[in-house]
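Here the structure is laid out as C-alpha cells; the discussion comes afterwards.
The values are calculated or read from the model by the stated rules, or taken from the named source; none is laboratory data. Everything numeric here is computed off the predicted structure, so don't read it as measured data. Cβ coordinates were reconstructed from backbone atoms using ideal geometry, including for glycine residues, and neighbour counts include every protein chain displayed.
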Amino acid sequence: MIDLMIAFALYLVVSLSLNLEAGFAGVPNFGKVMFVAAGAVVAGSVSGRLAAFILGVNTHGNYNGFIAQIITQLDSSLSGNAVLSIEILLLGVLLAAAIGASLGFLTSYPAIRLREDYLGMLLLASAQLFQIFLGGYEPLIGGTQGIEVPNLFGWAGNGIEVRDVVVLGFLALFAGLVYFYAERVARSPLGRTLRAVRDNEVAARALGKDDVAIRRNVIIIASAISAMAGALLTFYVGAVNAESWTRITWTFWIWVMLIIGGAANNAGVALGAFSFTFLFKVVDQVKFYFQGSIPFDVNWLEYLMFASLLILILAFRPGGILPEKSSVTLPWRTVAEIMGPKSKARSSSGPQFGTPERAKGDPDEPSSAPTT
Amino acid sequence: MAVGLTLTYLTTKVPNFAYGSFVTIGGYTSFSVFRINHVNPYFAVPLAFLLGAVVSVAMYLGVLRTLARRGSSLVALMISTLAIDIAFVGIFGIYSDYIGSYYRIENTKNFFRLLADFSLFGLPGLFYVTPISLATITIALFLFLTRTKFGVAMRASVENPSLARVLGIDVERAYIFAWFLAGGFAATAGSFSVLWLQGGTTFGSGLIVEIFAASVLGGLASVYGAALGGLIIGATEILLTQTGIAVFGSWISIYQKGFPLLIMVITLLLFPRGLVSINWHRIIRPIAVFVGLIGNRLGEIFRFVRGE
C-alpha cells in the first residue's frame, strides 16, 4: 500500500511536469526519461561523495571502487544524524533541480526552433543517447552495474515500514507542492498564455506574448521538477543504475498517464497517474496466479496491455478521462464595465469573437478583446 | 532502413517511432528460421520482407489511419507509434519466451550473431550480399518510382495528395503500398543484420537513433536523400568511431551512437530540411570563386617570386 502511494506520488510529480510542457505549452517531450535520470544521477553520484567528504570517510580517491565499504560507513554515521541527513537530502534535491534546469535550458534551444515531429525525434534520440552514456560512463553511477546511495532516511528507524512512511511523507509534501504549483499555473493568466502559445503561436505573439521565453521557462521548470523526482526516487530506493532509465519506464508510462487522465488538466493527470499506478499494482499482484500456466513472462503482457489501452483512449476518448476544461472567463458584462463606455460602444457594433474565452479571459489586458 | 522511414513519413507526416521494431521482426525471422528449422537464414530474407511488410500495413490501417481519421493531432499520432513500439517489445518478449521454452533454445532474448554465413574468397558472404541487395533495392525502387505508372502515381500521391486525387489516382492504395515497402525494407535489413551483429528483443528500437539521423540528414521529404543519409551516417559512425578509438582509446566506442545524434542535431539546427534542401549552387559557387581567387593570388605571388 505504501509503495503504491510512493510510486503514485513520484509518477504524479513527473506527469504533472510533463503536463506543464506537453499539455499546456505544447512541447511534446519524448525524452522525459533524460531529465528524471539526470536527477537520479546527481543524487547517486554527488550526494554520496558529499556525505563522505563531510563525514570524513576515506574514499581512497576512488569512490565507486570502494562503494560498498563507504556506504556502510556512511549509513552508520548518518542514521544517528537526522539533521545532516536531511541537509544532504535537500542539497541533493536542489542540485538535481539545478542540473535538471540547465539540461532543460539546453533542450529548450532546439525545442523553440523545431516543429513538433522533429523535436520529438530529437528528444527521443537524445534520451536514448543519454541512457547509453549512463551505461557506458562508469565513474558517474557505475554504468549498468549501478551503485548504492547512502541511506538518508536511516534516522527514521530501522524498520523498513517506518522508513517508507517517512519517505512517503516527504514525497507527499513534494507532490502536493508540485500539484499546487501546477494548479496555480493552470488557473493564472500564465496558464492561459501557455495555452494561447500552444494553440496559436502567431496570435499569441501578436498580443505581445514572448512565446519563445515562455516555452523556454516552462521547459526549464518542468525539467527541474522531474529531476527532483528522480533524485527523490534514488534516495528512496537506495541504489541507482543505468538500466532502469529506459524509454518505457520514464517516458512512455508518463505519457500513458497524461493521455489516460487528460492532457492540460491537472486533476485529470492526477487521476491518470493514480489509475496507472493502481492498474500496474493490480497486474503485479494478479500475475503470479497465472504465471505458471503460460509459457512466457507476464510482464510482456503488461506492455501490450498499456500500449493498447493508450491507443484505444487516443481513438475513442482523445481528451482523456477528464478532458481539458475551457478557461474560466469573466462574464462579458464585467469586461465591458472594466473597459468603460468607450469600448462598449465600439464593441457593440459587432461582437465577432473567434476565440471568445481567450480574448475575454485575460482580465489583465482588456484591450485585447476588441482587437480579435 | 532510412528509405522506409522516409516513405512512411511522407505518407502520414508522422515520425514512426516503432520503425526500429520492424528491424527486430526481420531479425527474429532469421533467428527462428535458423534455430528452429535449421535453414540458412538467407532463405529467411523474403519471409522477413513479407512479414515486416504485412505488419507495417496492418499498423498503418489499424492504428494510424484510424486515429488520423478521428482527427488526432500530430502529437497523438506520435504517441501512438511509440505505443506500438512498446507493444512490439511486449510481443517480442512473449515470442522469445515462448520459442525459448517450447523449442528449448537458449539465449532467445539476446543472441549473438548467427553463425550461418557462407564465406567467399575469405570474406563472409554478407560482404557481398548486403551491398548487392542494397544496390538492387535502390535501383529497383528508383526504376519503380520513375518508370512505372504506379510508381509515378505513388510519388504524386505522396507529394501532392489532393492533386493526385483529382487526377483519379487511388491515393490510399499508394499509401498502403508505401507502408508495405517500408516495413519490408526494415525487416530485410534486420534479417541481414543478425548475421553480423548481435540481436535481441530491443536491438531494433536501439537503432532508432541512426535511422532517424539518416532520415533527417537526407531530408525527411526525399527518398533519395534518405538513401544518401543512411550511407553517410553508417560510414561516419564507423569511421569516426574507428578514428576515435585510434586517437582516444577504446572507451570512445561506447559513445558510437553519439556521432549520428550529433549529425542529426547539427542538421536540424542548421538545415532542418536535410541535405537535399541545400542549394548546392549557392555553396559551391562561393567556394569555387574563393578557390579561384586564392589561385590567382598564388599565381601573383609565384610570379613575384620569380621576379616577373
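Within the set of pairs 6 or more residues apart or between chains, which connect a residue that is within 26 Å of A:Ser244 (Cβ to Cβ) inside region A:110-128 to a residue that is hydroxyl-bearing (Ser, Thr, Tyr) and surrounded by 21 or more Cβ atoms within 10 Å (Cβ to Cβ) with Cβ atoms less than 8 Å apart?
Close Cβ pairs (under 8 Å, with a partner that is hydroxyl-bearing (Ser, Thr, Tyr) and surrounded by 21 or more Cβ atoms within 10 Å (Cβ to Cβ)) amount to A:Leu123/A:Thr107; A:Leu124/A:Thr251; A:Ser126/A:Thr107; A:Ala127/A:Thr251.
Quick grid of which residues meet (1) at pLDDT 85 or above; (2) within 14 Å of chain B (Cβ to nearest Cβ):
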residue: A:Leu18; (1), (2): yes, yes
residue: A:Phe35; (1), (2): yes, no
residue: A:Ala68; (1), (2): no, no
residue: A:Leu78; (1), (2): no, no
residue: A:Leu84; (1), (2): no, no
residue: A:Glu87; (1), (2): no, no
residue: A:Leu91; (1), (2): yes, no
residue: A:Gly100; (1), (2): yes, no
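Would you tally the residues in region A:11-32 being over 16 Å from A:Gly268 (Cα atoms) and within 10 Å of the chain's Cα centre (by Cα)? Step through it out loud before you land on a result.
Of all residues in region A:11-32, those over 16 Å from A:Gly268 (Cα atoms) come to A:25-32.
When the remaining residues are screened for being within 10 Å of the chain's Cα centre (by Cα), the result is A:32.
Of the residues in region A:11-32, 1 are over 16 Å from A:Gly268 (Cα atoms) and within 10 Å of the chain's Cα centre (by Cα).
I'd like to know if region A:152-169 contains one or more residues that are under 24 Å from A:Arg247 (Cα atoms), modelled with pLDDT of 75 or more and of a type outside the set (D, E, K, R).
Step one: list which residues in region A:152-169 are under 24 Å from A:Arg247 (Cα atoms), which gives none.
No, region A:152-169 contains no residue that is under 24 Å from A:Arg247 (Cα atoms), modelled with pLDDT of 75 or more and of a type outside the set (D, E, K, R).
Would you please name the residue that is farthest from the other protein chains (Cβ to nearest Cβ), looking only at residues in region A:102-114 that are at pLDDT 80 or above and surrounded by 21 or more Cβ atoms within 10 Å (Cβ to Cβ)?
A:Gly104
Scan region A:282-302 and tell me whether some residue there is under 24 Å from A:Ser17 (Cα atoms) and part of a helix (DSSP H, G or I). Step through it out loud before you land on a result.
Residues of region A:282-302 that are under 24 Å from A:Ser17 (Cα atoms), as a first pass: none.
No, region A:282-302 contains no residue that is under 24 Å from A:Ser17 (Cα atoms) and part of a helix (DSSP H, G or I).
So that you can scan it fast, the table gives a plain yes or no per residue for (1) modelled with pLDDT of 80 or more; (2) closer than 28 Å to A:Ser126 by Cα; (3) of a type in the set (Val, Ile, Thr):
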position: B:Leu5; (1), (2), (3): no, yes, no
position: B:Val14; (1), (2), (3): no, yes, yes
position: B:Ile36; (1), (2), (3): no, no, yes
position: B:Pro41; (1), (2), (3): no, no, no
position: B:Val55; (1), (2), (3): yes, yes, yes
position: B:Ser72; (1), (2), (3): no, yes, no
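If we only count helices (runs of 4 or more DSSP H) wholly inside region A:8-126, which ones have 2 or more residues that are touching a Phe, Trp or Tyr at 6+ places or on another chain (Cβ under 6 Å) and in the same structural domain as A:Leu190 (by TED's automatic domain parsing)?
On the way: elements: A:32-55, A:67-78, A:82-111.
Ranges flagged: A:32-55, A:82-111.
Can you give me the number of residues within region A:212-248 that are within 28 Å of A:Arg115 (Cα to Cα), at pLDDT below 80 and assigned to a helix (DSSP H, G or I)?
Adding up the residues that qualify gives 2.
Looking at region B:71-99, which of the residues that are of a type in the set (Ser, Thr, Tyr) and at the interface with another protein chain (Cβ under 7 Å from one of its Cβ atoms) is surrounded by the most Cβ atoms within 10 Å (Cβ to Cβ)?
At the first step, the residues of region B:71-99 found to be of a type in the set (Ser, Thr, Tyr) are B:72-73, B:80-81, B:95-96, B:98.
Imposing the further condition that a residue be at the interface with another protein chain (Cβ under 7 Å from one of its Cβ atoms) reduces the set to B:72, B:80, B:98.
Working: B:Ser72: 19, B:Ser80: 27, B:Tyr98: 15.
Filtering region B:71-99 for residues that are of a type in the set (Ser, Thr, Tyr) and at the interface with another protein chain (Cβ under 7 Å from one of its Cβ atoms), the one surrounded by the most Cβ atoms within 10 Å (Cβ to Cβ) comes out as B:Ser80.
How many residues are among the acidic types (Asp, Glu) and surrounded by 14 or more Cβ atoms within 10 Å (Cβ to Cβ) if we restrict to region A:161-207?
First, pick out the residues of region A:161-207 that are among the acidic types (Asp, Glu): A:161, A:164, A:183, A:199, A:201.
Those still in the list that are surrounded by 14 or more Cβ atoms within 10 Å (Cβ to Cβ) too: A:164, A:183, A:201.
Count: 3.
For region A:115-135, which residues satisfy the criterion of being aliphatic (A, V, I, L, M) and more than 7 Å from chain B (Cβ to nearest Cβ)? Before you say what the answer is, go through the steps one by one.
Of region A:115-135, the ones aliphatic (A, V, I, L, M) are A:119, A:121-125, A:127, A:129, A:132, A:134.
A:Leu119, A:Leu123, A:Ala127, A:Leu134, listed by residue number.
Could you tell me which of the residues A:Phe252, A:Phe274, A:Phe278 is assigned to a helix (DSSP H, G or I), within 22 Å of the chain's Cα centre (by Cα) and surrounded by 24 or more Cβ atoms within 10 Å (Cβ to Cβ)? Break it down into steps so the answer makes sense when it comes.
On the way: A:Phe274 fails: surrounded by 24 or more Cβ atoms within 10 Å (Cβ to Cβ); A:Phe278 fails: surrounded by 24 or more Cβ atoms within 10 Å (Cβ to Cβ).
Testing whether each residue is assigned to a helix (DSSP H, G or I), within 22 Å of the chain's Cα centre (by Cα) and surrounded by 24 or more Cβ atoms within 10 Å (Cβ to Cβ) leaves just A:Phe252.
Out of all the residues in region B:210-224, which are within 23 Å of B:Gly52 (Cα to Cα), at pLDDT below 75 and assigned to a helix (DSSP H, G or I)?
Looking only at region B:210-224, we keep the residues that are within 23 Å of B:Gly52 (Cα to Cα), and these are B:210-216, B:220-224.
Those still in the list that are at pLDDT below 75 too: B:220-224.
Once the filter is applied, which keeps residues that are within 23 Å of B:Gly52 (Cα to Cα), at pLDDT below 75 and assigned to a helix (DSSP H, G or I), region B:210-224 yields B:Val223, B:Tyr224.
Among the residues of region A:277-289, are any in contact with a helix residue (DSSP H, G or I) (Cβ under 9 Å, 6 or more places away or on another chain), more than 12 Å from every other protein chain (Cβ to nearest Cβ) and at pLDDT below 75? Give the steps one after another, and end with the answer.
First, pick out the residues of region A:277-289 that are in contact with a helix residue (DSSP H, G or I) (Cβ under 9 Å, 6 or more places away or on another chain): A:277-281, A:283-284, A:286-288.
From what is left, the residues that are more than 12 Å from every other protein chain (Cβ to nearest Cβ) are A:277-281, A:283-284, A:286-288.
From what is left, the residues that are at pLDDT below 75 are A:287-288.
There is at least one residue in region A:277-289 that is in contact with a helix residue (DSSP H, G or I) (Cβ under 9 Å, 6 or more places away or on another chain), more than 12 Å from every other protein chain (Cβ to nearest Cβ) and at pLDDT below 75.
Among the candidates A:Gly169, A:Gly191, A:Gly238, A:Gly176, which residue alone is touching an Asp or Glu at 6+ places or on another chain (Cβ under 7 Å), of a type outside the set (A, V, I, L, M, F, W, C) and away from chain B (no Cβ under 14 Å)? Working first, answer last.
Numbers: A:Gly169 fails: touching an Asp or Glu at 6+ places or on another chain (Cβ under 7 Å); A:Gly191 fails: touching an Asp or Glu at 6+ places or on another chain (Cβ under 7 Å); A:Gly176 fails: touching an Asp or Glu at 6+ places or on another chain (Cβ under 7 Å).
Answer to the check: A:Gly238.
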